[in-house]
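Here's the structure, in structure tokens; my notes come after.
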Amino acid sequence: MRSLVGFGLVSIGLACLLPTPCFAGEEESKTLFAQGRELREQGKCAEAIVFFRKSLETYPEGLGAMRNAAECEEQVGRLASARRTWRDLEVAVTRASQARYEGWEHDAATAQQRLAPRVPKVKIVLVGEGQVLLNGRPLDPRLLGLELEQDLGPLEVVLEDDAAVPYKEKLVLEEGKGYVVNLKSRKPAEGGGKKPSVSVTGEPNDDDGGGPSGMMIGGIISLSLGGAALAGMGAALGIRQSAVSDIEEVCPDYEASEACSVLPSQSSEDLQGNIDRAQSSSIAVSVLAAVGGAAAGTGIILLIVDATNGSDKTAQTMGRFRFGAAPTDGGAYMSFGGAF
């Protein structure tokens, strides 16, 4: 008798280890499912989805909860989620092979085809290393470069790398549209003592930071050119003042009108020479002042930017400068440009 009782207990224990006969949580699942159905009938599909999901987690064999979740997700505009749930339902119904689910496999396949052109797709392209987050959820690196189906509405893409502040980009996904988000990691390359930097145009720079930066060199050159131009301007100004003094000995009103109405015959040649010298030096003063001021200003800006960047070598590239100047009727024309 004891042997029979012991055998019976062992048999019951083994039976409960099998997945089919024992349905722990089935009753709780029915309660959750009923609550979800009640909310859905009240038009509260978004809240009903939570109960359908909990019901399915409690009792995975209850495919009715999965179907209701898919229908509610589609109704509230979670098109990508609905399409995934329909896909899961198609697989689950095929495995279940139960008469009560007859026709559900076809319904699930039809729903997937119906939703396919409406679901927005996002492709994330990352150059370098870093962790990408979509609405706060880490993205599997294996999914980078692939089109990912996403629900309608706002999507925040975050790149976490070695930068102090993560890069963020916000999108608002619309039905049936595709999006491509290009990200570039700010994380330094691994291995080796040299860390390549990137210029404004995206070209690599092999400067290892052992000497002065391009901005510093450009600033020193600009300041030198500006100083030389301003020194030349001072010399030209001195020549002009000397010529004007000589002219005013004969023509006292020349400084005010820069013209002389009376040219004494005995000194006309000397006077005209002084006038030409004054006019030429005046043009030189204007040109050299413009060039010197521009060059000095550019040099000061470059040195300030270089000091501000400090050790950020990725922002420094060798500067290139272009200056031009020419006299005009009213003074002088000056132009300058550069890339750095």
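None of the figures in this text is laboratory data; all of them are computed from the coordinates on show. On a predicted model such as this, the values are computed, not experimentally measured, just so you know. Glycine gets a Cβ as well: all are built from the backbone with ideal geometry, and neighbour counts include every protein chain shown.
Kirkwood Rh, the stretch 23-117, all Cα pairs: how many Å? Let's see the in-between values first.
Details: mean 1/r = 0.0756 Å⁻¹.
For the stretch 23-117, inverting the mean 1/r across all distinct Cα pairs yields 13.2 Å.
Assuming R0 = 25 Å, what is the FRET efficiency of LEU237 and ASP276, from their Cβ-Cβ distance, to the nearest 0.05? Can you show the working numbers first?
Numbers: r = 17 Å, r/R0 = 0.66.
It comes out at approximately 0.90.
Listing TRP86, TRP104 from the residue with the fewest other Cβ atoms within 10 Å to the one with the most, what is the order? Write down the numbers at each step before the final one.
Working: TRP86 26, TRP104 21.
Ranked by crowding around the Cβ, least crowded first: TRP104, TRP86.
Fewest to most neighbouring Cβ within 10 Å: what's the order for ASP88, ASP140? Mind showing how you got there, number by number?
Details: ASP88 16, ASP140 10.
Fewest to most other Cβ atoms nearby, the residues stand as ASP140, ASP88.
Taking amide H positions as placed 1.01 Å from N in the peptide plane, with prolines and chain starts having none, which residues 5 or more places from LEU173, or on another chain, fall under 5 Å of its amide H?
For LEU173, the qualifying residues are GLY153, LEU155.
At 0.36 nm per residue, minus the direct Cα-Cα distance, what do ALA109 and THR94 gain on full extension? Give it in nm, one decimal, please. Walk me through the intermediate numbers first.
Details: separation 15, 0.36 × 15 = 5.40 nm, distance 1.15 nm.
Roughly 4.2 nm would be gained on extension.
Determine the dipole magnitude for the stretch 23-117: charges of +1 sit on the beta-carbon of Lys and Arg, -1 on that of Asp and Glu, nothing else is charged, the reference point is the Cα centre, and the result goes in debye to the nearest 20. Kindly include the intermediate steps, with their values, before the conclusion.
On the way: 14 positive and 16 negative charges, 59 e Å.
Using Cβ point charges on Lys, Arg, Asp and Glu, the stretch 23-117 gives about 280 debye.
If each residue of separation counts as 0.36 nm, what is the full-extension length gain between TYR167 and LYS184 once their alpha-carbon separation is subtracted? Write out the running numbers ahead of the final one.
On the way: separation 17, 0.36 × 17 = 6.12 nm, distance 0.95 nm.
Between TYR167 and LYS184, full extension yields an extra 5.2 nm.
Which of ARG100, ARG40 has the fewest other C-beta atoms within 10 Å, and how do the rest follow up to the most? Could the numbers behind the result be given before it?
Values: ARG100 8, ARG40 21.
If I rank by nearby Cβ atoms, fewest first, I get ARG100, ARG40.
Amide H to amide H under 5 Å from LEU183: which residues, 5+ apart in sequence or cross-chain, H placed 1.01 Å off N in plane?
Those qualifying (amide H under 5 Å, at least 5 residues apart or on another chain) are VAL125, LEU126, VAL127.
Are any of the pairs LYS123/LYS177; LYS54/LYS121; LYS121/LYS168; LYS44/LYS168; LYS121/LYS187 more than 23 Å apart by Cα-Cα distance, and if so, which? Please list the in-between numbers first.
Numbers: LYS123/LYS177 12 Å; LYS54/LYS121 28 Å; LYS121/LYS168 19 Å; LYS44/LYS168 33 Å; LYS121/LYS187 27 Å.
Distance filter (> 23 Å) returns LYS54/LYS121; LYS44/LYS168; LYS121/LYS187.
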